[in-house]
Amino acid sequence: MEKPVGYWIKHLDRLIEADFARVLAGEEMRRRHWQALNVLREGPADEGRLAEELRPFWGEGEISVGELLADLRRRRWITPGEPHALTEEGAAAHERVAGAVHASRSRIMDGLTVEQYQVTVHTLRTMAANLETAGR
């Protein structure tokens with residue numbers, strides 16, 4: 001019997017997290033570091049905006065947004081005051097791992113066409129919307 005969609009979603013999520021952990025280990029980064037750098041690469045953001053942008057990815061055992069920001073400041077990757085912005089060092093860190101992150105994302109797409117990926121994302125988005133609507 002084929003496993004249900006919930007199994008595959010959780011299994012894929014664990015695999016993505018493990019792959020990102022390997023990719024980011026050389027910079028002693030976690031996936032949340034990468035995501036915060038991505039948000040700040042688009043422009044300055046305060047702690048509230050970062051928390052909102054990262055909320056869908058936060059799980060049990062994660063460091064808090066405050067701890068994440070403190071670590072990014074310690075590394076001198078972001079400016080000390082709000083709104084936070086990438087420093088030259090932060091932009092360089094982002095650039096150093098961008099290629100490896102892109103390769104990780106490409107591995108996920110291996111054997112899929114762009115159209116298949118888009119249909120998959122659309123399907124998952126629709127399933128999530130169905131449950132969000134049902135929960136109201």
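The values are calculated or read from the model by the stated rules, or taken from the named source; none is laboratory data. Please read these numbers as outputs of a predicted model, since none were measured by experiment. Here Cβ is always computed from backbone atoms with ideal geometry, including for glycine, and neighbour counts include all displayed protein chains. Protein only, heavy atoms only, side chains kept; ligands, DNA and RNA dropped before computing areas. Shrake-Rupley method; radii C 1.70, N 1.55, O 1.52, S 1.80 Å.
Assign one of three labels to region 51-136, namely rounded, prolate or oblate, based on the Cα gyration tensor with a ≥ b ≥ c the square roots of its eigenvalues; rounded applies when a/c is under 1.5, prolate when it is not and a/b is larger than b/c, and oblate otherwise. It would help to have the intermediate numbers written out before the result.
Numbers: a/c = 2.98, a/b = 1.44, b/c = 2.07.
Here region 51-136 falls in the oblate category.
Pull out a ≥ b ≥ c, the square roots of the eigenvalues of the alpha-carbon gyration tensor of region 1-107, then state rounded if a/c is under 1.5, prolate if not and a/b is larger than b/c, and oblate in the remaining case. Taking the square roots of the gyration eigenvalues as a ≥ b ≥ c, region 1-107 is prolate. Accessible area per residue for region 21-136, computed on protein heavy atoms with a 1.4 Å probe, is 65 Å². Can you give the net charge of the other residues whose Cβ lies under 14 Å from the Cβ of Gly48, counting K and R as +1 and D and E as -1? That works out to -3.
Among Gly90, Gly111, Gly43, the largest mean-square fluctuation in a Gaussian network model of the chain (Cα springs under 10 Å) belongs to Gly111.
Taking the accessible area of region 19-118, probe 1.4 Å, and keeping the other protein chains in place, the carbon and sulfur fraction comes to 50%. In the chain, Cα pairs under 8 Å separated by at least six residues give a relative contact order of 23 percent.
Toward the positive end of the charge dipole of the chain, with +1 on the Cβ of Lys and Arg and -1 on the Cβ of Asp and Glu, the farthest Cα among His11, Gly99, Gly26 is that of His11. Comparing Cα centroids, region 2-77 and region 83-128 end up 12 angstrom apart.
Among the GluC sites (Glu not before Pro) in region 52-136, those located in a DSSP loop and surrounded by at most 13 other Cβ atoms within 10 Å of their own Cβ are Glu60.
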